[in-house]
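To keep things clear, I will list the structure first and then write my remarks on it.
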Amino acid sequence: MKPQPTKLFGTYPQTQGGLYMQRIPIFAGHITAGQLRELARIAIEFTNAMPLHLTTRQDIELHNVPQSHLQTVLDRIEAIGFSTYGAGGDNVRNITICPCCQFDSSAYDVMPLAELLRVHLQDHPIRQDMPRKFKVSFAGCKQSQSRPYINDLAFIATSTTTVRVIGAGSLGVKPETGIVLYKELATENCLALTLAAIELFKDHGNRENRRKARLRHIRQHMGDVVFRETLDRYFLRQKDACSWPKIELPHGRAGFQKIATIQTIAGDINPRHAQKLSQSVQKANAHLCINFHHGIDVYAAEPFALPEELRSFSDLPAIVACPGNTTCTNGLTDCPGLASQLSETLKGNEKYRGKIIAISGCPNNCAHSAIANIGLAGRIKTIDGERQEVYQLVLDGDNGITDKLAEPVEVVTAKDLAEHFLGM
Ligand code: SF4
């Protein structure tokens with residue numbers, strides 16, 4: 001399908017007239033050195049070297065693309081093997097996969113299964129006229145970094161030929177994590193189940209109110225029991241209509257290790273840094289994978305030194321931040337500013353290693369604050385007659401690995417947060 005500059009192909013107008021954001025779904029987060037280099041080149045040529053922005057669904061966004069260059073940018077993106085169909089709008093979004101399962105011999109490599117699904121859905125007519133977006137993820141073990149409990153449909157490998165299916169979860173102002181839909185499903189039935197879930201979604205989705213239009217709202221409306229029964233009926237129909245061959249999942253490749261994570265601040269990587277990363281990865285024959293917390297994981301068979309200017313990024317805390325009031329019309333607080341301040345304060349701090357901090361600029365939870373180990377949701381509060389940016393602090397979420405949401409603890413003013421983190 002020829003890409004066009006529309007939301008369906010990931011092109012969104014920015015608040016600054018004449019400028020656009022172009023989202024590029026990176027399937028499973030895997031990007032080659034050559035592809036990263038070309039995206040950096042595009043950013044330098046057409047966006048005045050704006051940073052490449054990593055999203056929490058393993059996409060990359062280009063910001064400040066002038067309208068006059070949109071089609072050229074889309075064509076260049078297509079030329080390096082990326083399809084932007086479904087990057088935005090009411091469609092099946094980028095299929096996400098844990099970054100590690102291809103390189104972890106104790107996990108199942110779900111890539112072949114996800115790839116079959118991606119190819120099958122690529123131009124499938126079922127993707128047209130959907131009530132809202134639909135998110136699918138895969139994981140190779142139960143440590144699932146791909147956040148199964150906040151996806152519409154998530155497959156977690158349980159053996160070489162079976163997966164557990166979680167579904168009908170999403171966040172937003174009133175977050176609701178998903179439920180187990182099938183404890184064990186044969187891999188060859190994943191396509192039929194996906195088509196069944198989308199069909200159910202299209203038949204029953206709320207087309208009047210976009211805030212209540214996700215698959216989980218259908219589940220909430222029907223109740224879990226009726227929802228499961230209804231899905232099962234759609235599934236049986238699809239199973240008769242479509243069949244996949246038996247699919248055996250291999251284990252991840254032995255002999256690879258994670259060399260480093262390039263942890264960006266608020267998801268932004270300068271295109272010159274991206275070019276440096278691309279060069280060193282190519283030289284070392286290493287692999288890049290965008291993770292779920294604004295970072296790029298680097299895997300290789302042998303350790304190698306990253307370029308000097310990138311080394312400091314591997315010591316930053318894992319902080320996810322939405323744009324907040326810097327560009328989002330709903331944004332109440334400056335999330336990138338806070339992310340930058342916290343990154344500086346918590347750099348190298350062992351207490352925060354392995355923890356995900358998520359900062360959302362309003363209660364919509366776009367940074368996944370409601371499931372984070374440490375979540376912050378911004379709002380404005382009048383204190384001593386002065387309007388101040390404050391954050392609701394929530395703790396101990398499970399990052400979507402289970403259904404556990406983070407618990408509200410207290411409200412802290414933005415200016416006191418860095419100090420607060422040091423005392424926590
Ligand atoms: S959480 Fe709020 S401020 Fe942040 S991107 Fe979402 S809607 Fe915008």
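General observations
- Candidate set: the stretch 387-411, residues that are touching a Ser or Thr at 6+ places or on another chain (Cβ under 6 Å) and closer than 19 Å to SER343 by Cα; chosen: the one least open to solvent (accessible area, probe 1.4 Å): VAL390
- Residue within the stretch 304-315 that is in contact (Cβ under 8 Å) with a residue 60 or more places away in the chain and outside any loop (DSSP other than H, G, I, E, B) present: no
- Looking across the stretch 348-363 at every residue that is in a loop (DSSP other than H, G, I, E, B) and closer than 17 Å to PHE421 by Cβ, the one that is farthest from the ligand (Cβ to nearest atom) is identified as GLY348.
- Close pairs from the stretch 32-46: first touching a residue at least 40 places away in the same chain (Cβ under 8 Å) and more than 11 Å from VAL73 (Cα to Cα), partner buried (at least 22 other Cβ atoms within 10 Å of the Cβ) and among the β-branched types (Val, Ile, Thr), Cβ under 6 Å, at least 6 apart: ALA33/VAL281
- Count of residues meeting criterion [within 16 Å of the ligand (Cβ to nearest atom), open to solvent by 20 Å² or more (accessible area, probe 1.4 Å) and either hydrophobic (A, V, I, L, M, F, W, C) or touching a helix residue (DSSP H, G or I) at 6+ places or on another chain (Cβ under 9 Å) (or both)] in the stretch 364-386: 4
- Single match in VAL298, VAL320 (criterion: away from the ligand (no atom under 16 Å from the Cβ), aliphatic (A, V, I, L, M), at pLDDT 95 or above and open to solvent by less than 10 Å² (accessible area, probe 1.4 Å)): VAL298
- Contact annotation: residue pairs with Cβ atoms under 8 Å, 6 or more positions apart or on different chains, pairing a residue in the stretch 203-214 that is without any contact (Cβ under 8 Å) to a residue 24 or more places away in the chain and open to solvent by 90 Å² or more (accessible area, probe 1.4 Å) with a partner that is of a type in the set (S, T, N, Q) and in a loop (DSSP other than H, G, I, E, B), are LYS212/ASN206.
- Taking the criterion of being in contact with a helix residue (DSSP H, G or I) (Cβ under 6 Å, 6 or more places away or on another chain), closer than 14 Å to LEU54 by Cβ and open to solvent by 50 Å² or more (accessible area, probe 1.4 Å), the only residue of the stretch 255-295 that qualifies is ILE265.
- The lone exception for SER343 - which of (1) part of a strand (DSSP E or B); (2) away from the ligand (no atom under 13 Å from the Cβ) it fails: (1)
The values are calculated or read from the model by the stated rules, or taken from the named source; none is laboratory data. Everything numeric in this text was worked out from a predicted model, so none of it was measured. Here Cβ is always computed from backbone atoms with ideal geometry, including for glycine, and neighbour counts include all displayed protein chains. Note: accessible area is taken over every heavy atom of the protein model, side chains too, but ligands, DNA and RNA are not part of it. Shrake-Rupley method; radii C 1.70, N 1.55, O 1.52, S 1.80 Å.
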